[in-house]
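In what follows, a structure is listed as structure tokens, so that the remarks can point back to it.
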Amino acid sequence: MTAHTHTGIIGGITRNVFILGLVSLFTDLSSQMVFPLIPLFLTSVLGCGALVVGVVEGAAETCASFLKVVSGYWSDKIRKRKPFILFGYSMSSIIKPLFALANAWSFVLFLRVIERIGKGLRTAPRDALVAESCDESVRGRAYGFHRAADGIGSMLGALLALLLLPAIGYRNIFLFALIPGMISVFVIFFVREKKAQKRAAQKEVSVRLGLKQLPANLKLYIVACSIFALGHFGYPFFLLRAKNIGLADNTAILAYLLFYVVYSISAVPSGILSDRIGRRPVLIGGYLAFGITSAGLIFSSSLCSMLFLFMAYGISYAMIDGTQRAFVVDLAPQHLKGTALGVFHTATGMVALPGGYIAGSLWDKISPEATFVYGLSLTAASVVFFFFVKRA
């Protein structure tokens, strides 16, 4: 590990990292005008239950996850990241306005899956390019910056959704989401892949051989993250809980907006902390914070408690989101960083469908509290598992 030579909050944030942050900002501005409304749209407009919400969100992430290892490996093989980033973001931007045409949950599911395929193509190559565009001593900070930019875009998108929903309704908001989406695609053209960043991976590596070359410790780490992801029910069930205790749709979106404000503020400090004290303590802290939040949701019954829990979720997610990616890069061989990130995103994404199905089934068939007990239990299991993962 090289010495810390950068000071200040944005020390070591290079041109590419900054541009990729802008891309994520505009993309998530577009996305969060749509995605927090989907659970509410499904339940309020299309009359669906929590099981449908869980299946739609889970299936979208799981289908996308199959592409993440392929795109990560392929970007390692051809030593280029930008084409995958451009195509993936373009696909997502084109699909979002089509939600305005949905009159059945099956069509919402179809669009969600296609949009997430775009995410599947871009995620691992983009995360690899972030790692290659900064010094390793500030890797956590770079990922924190990128996730903060992502969070700011999400915050602005949720704010627009909150303001526009009473005035123009769900379907017109979905149409409006095309504009920031296309801006994000335009910004990608300013990303530069230098020759020095086109990895020194002279050896021909097949997908199978690439997977075999991943260290056992990295595979163990990915298993621990996947156990957590299986129980990580995510924001759709926070929103359903807000509705469940009697909050209006607008109030639920306001709480969701608060989550992203806290997440955006916390992402960079979390990344810097992981650079200084190590990834593992920060990740374990983030997992424990999510477990405490899950426990709180079991007993929540008021607006004040929900606002506090959305804030706590923002802190835990900020500690986990960028740090998980940075730790993958820390543990991966130099010539297989895209492949390693792809395997990580694929593994954690593949459990999203069974996780969403289980969370939704528990909600509909037993109680909302059962969903949060499930999340708490798997979080505890992942924390125990994490103690067997060695430092980089």
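Derivation of every value follows stated rules applied to the coordinates shown; laboratory data play no part. It should be emphasised that the depicted structure is a prediction, and the values quoted were computed from it without experimental measurement. No Cβ is skipped: glycine too gets one built from the backbone with ideal geometry, and neighbour counts run over all protein chains shown.
Quick one, what does Rg over Rh come out to for region 134-185 if you take C-alpha atoms and the Kirkwood Rh?
On the way: Rg = 15.2 Å, Rh = 12.9 Å.
Using Cα coordinates only, the ratio equals 1.18.
When the alpha-carbon atoms of the chain are used, the pair Rg, Dmax equals 19.6, 59 angstrom.
Seen from L309, the other residues with C-beta closer than 15 Å to its C-beta sum to a net charge of +1, counting Lys and Arg as +1 and Asp and Glu as -1.
Grab the beta carbon distance between R276 and R79, set R0 = 30 Å, and tell me the FRET efficiency rounded to 0.05. Before the final figure, lay out each step's value.
Values: r = 32 Å, r/R0 = 1.06.
My answer for the efficiency is 0.40.
Simple rule: put +1 on each Lys or Arg Cβ and -1 on each Asp or Glu Cβ in region 91-189, find the dipole, and look at A102, I183, L159; the Cα lying farthest toward the positive end is A102. When each full DSSP H helix of the chain is screened for a Cα extent of at least 30 Å along its own axis and an average Kyte-Doolittle hydropathy of at least -0.5, the helices passing are 50-78, 105-132, 139-176, 249-277, 279-299, 303-331.
When V45, V187 are sorted by how many other C-beta atoms sit within 10 angstrom of their C-beta, beginning with the fewest, the order is V45, V187.
Over region 296-392, the Kirkwood radius and the radius of gyration, each from Cα atoms, give a ratio Rg/Rh of 1.04. When the listed pairs K68/K337; K119/K219; K68/K119; K80/K390; K119/K390 are checked against a 19 Å cut-off, the alpha-carbon distance exceeds it for K119/K219; K80/K390; K119/K390.
Please report the equivalent ellipsoid semi-axes of region 23-149, computed as sqrt(5 x eigenvalue) of the Cα gyration tensor, largest first, in whole Å. List each step's numbers first, then the result.
Working: eigenvalues 179, 48, 31 Å².
One finds semi-axes of 30, 16, 12 Å for region 23-149.
Working from Cα pairs under 8 Å separated by at least six residues, relative contact order for region 1-135 is 35 percent. So what's Rg/Rh here for region 229-274, counting alpha carbon atoms and using the Kirkwood radius for Rh? Computed over Cα atoms, the ratio is 1.10.
Electrostatic bookkeeping for S274 treats Lys and Arg as +1 and Asp and Glu as -1; over the other residues with beta carbon under 13 Å from its beta carbon, the sum is +4.
Under the Kirkwood approximation applied to all pairs of distinct alpha-carbon atoms, what is the hydrodynamic radius of region 91-161 in Å? Walk me through the numbers before you get to the answer.
Values: mean 1/r = 0.0699 Å⁻¹.
It works out to 14.3 Å.
Were the residues from D135 through S302 laid out at 0.36 nm apart, the gain over their Cα-Cα distance would be 55.6 nm.
Our estimate of slack between Q213 and L101, defined as 0.36 nm per intervening residue step minus the Cα-Cα distance, is 35.7 nm. Computed about the Cα centre, the dipole magnitude for the chain is approximately 1380 debye when only Lys and Arg (+1) and Asp and Glu (-1) carry charge, each at its Cβ.
Among H335, H232, H345, which comes first, second and so on when ranked by fewest other beta-carbon atoms within 10 Å?
Neighbour counts put them in this order, fewest first: H335, H232, H345.
With a Förster radius of 22 Å applied to the C-beta separation of R391 and V223, the computed FRET efficiency comes to 0.85. Please work out whether region 203-314 counts as rounded, prolate or oblate from its C-alpha gyration tensor, where a ≥ b ≥ c are the square roots of the eigenvalues and a/c under 1.5 means rounded, while otherwise a/b larger than b/c means prolate and anything else oblate? Prolate, because a/c is 1.5 or more and a/b exceeds b/c.
Counting other beta carbons within 10 Å of each residue's own, what order do L341, L257, L307 fall into, fewest first? Display every interim value, and only then the final one.
Numbers: L341 29, L257 21, L307 17.
Listed from fewest to most nearby Cβ atoms, that is L307, L257, L341.
The modelled label-to-label distance between F186 and T14, using points 7 Å beyond Cα along the C-beta direction, is 2.7 nm. Computed extension gain for S367 through A295, at 0.36 nm per residue and net of the alpha carbon distance, reaches 24.5 nm.
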